[in-house]
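Undergrad: Can you read through this structure? Questions will come right after.
The values are calculated or read from the model by the stated rules, or taken from the named source; none is laboratory data. Everything quoted here is computed from the prediction, not taken from an experiment. FYI the Cβ positions are ideal-geometry reconstructions off the backbone, even for glycines, and counts take in every protein chain you see. To get the accessible areas, we keep the full protein, side chains included, count just its heavy atoms, and leave off ligands, DNA and RNA. Shrake-Rupley method; radii C 1.70, N 1.55, O 1.52, S 1.80 Å.
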Amino acid sequence: MLPLQLLNEMKMKLTFLGTGTSQGVPIIGCNCEVCESNNPKDKRLRTSAFLEVDNNCLLIDPGPDLRQQLLRQKITHIDAILVTHEHKDHLGGLDDIRPINFLMNKPMNLYGLKRVMKIIEKDYDYAFKTFKYPGVPNLILNPVFEEPFFINSTQITPISVKHLALPILGYRIYDFAYITDASFISDKEKRKLQNLDLLVLNALRIKEHYSHFNLAQALQLIEELAPARAYLTHISHELGNHETVSTQLPENVFLGYDGLEIQI
Ligand SMILES: [Zn+2]
Ligand SMILES: [Zn+2]
């Protein structure tokens, strides 16, 4: 038996499935230093993460690289999917949830904003027809609101952030929070992000961007929220290469990279 304290310390494991911005890194046809880097940490699939908590396996965003990500991490069990927003770099791999449907022999529950659930119903209309073609994804859409909700015994707190003008969701689970594609967070939502052990936050590049935090904005927010540690994700080739940027960050801030696993 493990001591209780150790059990508590091991209660969650996060795996970064992808840490790249919408085009991924390398970008098709780009000859920049980052896109041509041989460091595996500079190869970034589209942003997605996998959280093991309380015997739940939660996928955050079924991005367009989902198939490759599940194969690489040997993931064969997903209990539910948390969706941050409808953009295809976060949702475009949803059809690849089918093998998980078949393996687990049950429908997949998705959680996200009502608007996002409606878009899934429209974009994947074949999955919601009364008479379905055999083998289509088997999905249950669960709209979430501002209030915390439960997946089995795990409480999930939605964090409403802005992606330019679009309201999208981040999620807090115990002392972990995951926020991607944000360019603004209100003081009210910031209060839900206090006392974090781990914050995952988007940081696109050095230069400012209209709909994503750049590195300076992300670091400023991390300083304000003061999590024990923070990892950056949704990274563009314009941020610089992993090795160089990593040496320039505060001591509790790190660059995420694909395949990285963190105990929380
Ligand atoms: Zn995105
Ligand atoms: Zn490039």
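Undergrad: Any chance you could run the full-extension gain for E251 through N142? It's 0.36 nm times the residue separation minus the Cα-Cα distance, nm to one decimal.
TA: Computed gain between E251 and N142 is 35.4 nm.
Undergrad: What figure, in Å² to the nearest 10, do you get for the accessible area of R229 with a 1.4 Å probe and non-protein molecules left out?
TA: Accessible area, nearest 10 Å²: 60 Å².
Undergrad: Ranked by accessible surface with a 1.4 Å probe, highest first, in what order do F184, F16 come?
TA: On the way: F184 115, F16 0 Å².
From most exposed to least exposed: F184, F16.
Undergrad: Could you work out the relative contact order of region 78-128, using alpha carbon pairs under 8 angstrom and six or more residues apart, expressed as a whole percent?
TA: Values: 35 pairs, mean separation 22.7, N = 51.
Taking the mean separation of contacting Cα pairs over the length of region 78-128, I get 45 percent.
Undergrad: Can you give me the Cα centroid spacing of region 35-81 and region 99-118 in angstrom?
TA: 16 Å
Undergrad: Take the alpha carbon gyration tensor of the chain, find the square roots of its eigenvalues, order them as a ≥ b ≥ c, and report rounded if a/c is under 1.5; if not, report prolate when a/b exceeds b/c, else oblate.
TA: On the way: a/c = 1.44, a/b = 1.23, b/c = 1.17.
Rounded, because the longest to shortest axis ratio a/c is under 1.5.
Undergrad: Report, in deg cm²/dmol and to the nearest 500, the calculated mean residue ellipticity at 222 nm for the chain, where each DSSP H run with n ≥ 4 adds -39500 (n - 2.57) and the sum is divided by the residue count.
TA: On the way: 8 runs with 55 residues, N = 264.
When only DSSP H runs of four or more count, the value is -5000 deg cm²/dmol.
Undergrad: Please label the shape of region 184-250 as rounded, prolate or oblate, based on the square roots a ≥ b ≥ c of the eigenvalues of the alpha-carbon gyration tensor (a/c under 1.5 means rounded; beyond that, a/b larger than b/c means prolate, else oblate).
TA: Numbers: a/c = 2.49, a/b = 1.44, b/c = 1.72.
In terms of gyration-tensor shape, oblate.
Undergrad: Tally the DSSP beta bridges in region 134-237 and give the antiparallel ones as a percent, rounded to 5.
TA: The antiparallel fraction comes to roughly 60 percent.
Undergrad: Go through 234-247, 82-95 and give me the packing order, highest mean Cβ count within 10 Å leading. If you can, show how the numbers build up before the last one.
TA: On the way: 234-247: 18.7, 82-95: 21.9.
Those peptides, ordered most packed to least, come out 82-95, 234-247.
Undergrad: If you don't mind, another one. Out of residues 5 or more away from N138 or on other chains, whose amide H comes under 5 Å of its own, with H placed 1.01 Å from N in the peptide plane?
TA: Answer set, sorted by chain and number: M108.
Undergrad: So, one more: Filter the cross-link list K43/K118; K13/K188; K118/K162 down to pairs whose alpha-carbon distance in this structure exceeds 21 Å.
TA: Details: K43/K118 33 Å; K13/K188 28 Å; K118/K162 19 Å.
Long pairs (Cα-Cα over 21 Å): K43/K118; K13/K188.
Undergrad: Given an 8 Å cut-off on Cα distances and at least 6 residues of separation, report the relative contact order of region 168-232 as a percent.
TA: On the way: 105 pairs, mean separation 21.4, N = 65.
Reported relative contact order: 33 percent.
Undergrad: On to the next question. Quickly rank 151-158, 52-59 as a protection proxy: mean count of other C-beta atoms within 10 Å, highest first. Numbers along the way, then the final one.
TA: Numbers: 151-158: 15.9, 52-59: 18.5.
Packing order, densest peptide first, comes out as 52-59, 151-158.
Undergrad: Give the percent of DSSP beta bridges with both residues in region 4-263 that are antiparallel, rounded to the nearest 5. Working shown, then result.
TA: Details: 29 of 54 bridges.
The answer is about 55 percent antiparallel.
Undergrad: Quick check: pseudo-label points 7 Å beyond the Cα along Cα→Cβ at D123 and K162, how many nm apart are they?
TA: Roughly 2.3 nm, to one decimal.
Undergrad: Where the only charges are on Cβ atoms (+1 Lys, Arg; -1 Asp, Glu), what is the dipole of the chain about its Cα centre, to the nearest 20 debye? Write down the numbers at each step before the final one.
TA: Values: 27 positive and 31 negative charges, 141 e Å.
Computed about the Cα centre, the dipole is about 680 debye.
Undergrad: Using a simple spin-label model with points 7 Å from Cα along the Cα→Cβ vector, what separation in nm is obtained for A216 and Q194?
TA: Placing both labels 7 Å beyond Cα along the Cβ direction yields 2.9 nm.
Undergrad: Rounded, prolate or oblate for region 24-132? Axes are the square roots of the Cα gyration tensor eigenvalues, ordered a ≥ b ≥ c, and the cut-off for rounded is a/c under 1.5.
TA: Because a/c hits 1.5 or more and a/b exceeds b/c, region 24-132 counts as prolate.
Undergrad: Counting alpha carbon pairs within less than 8 Å and at least 6 residues apart, what relative contact order, in whole percent, applies to the chain? Before the final figure, lay out the partial values.
TA: Working: 563 pairs, mean separation 52.6, N = 264.
With pairs under 8 Å counted, the relative contact order is 20 percent.
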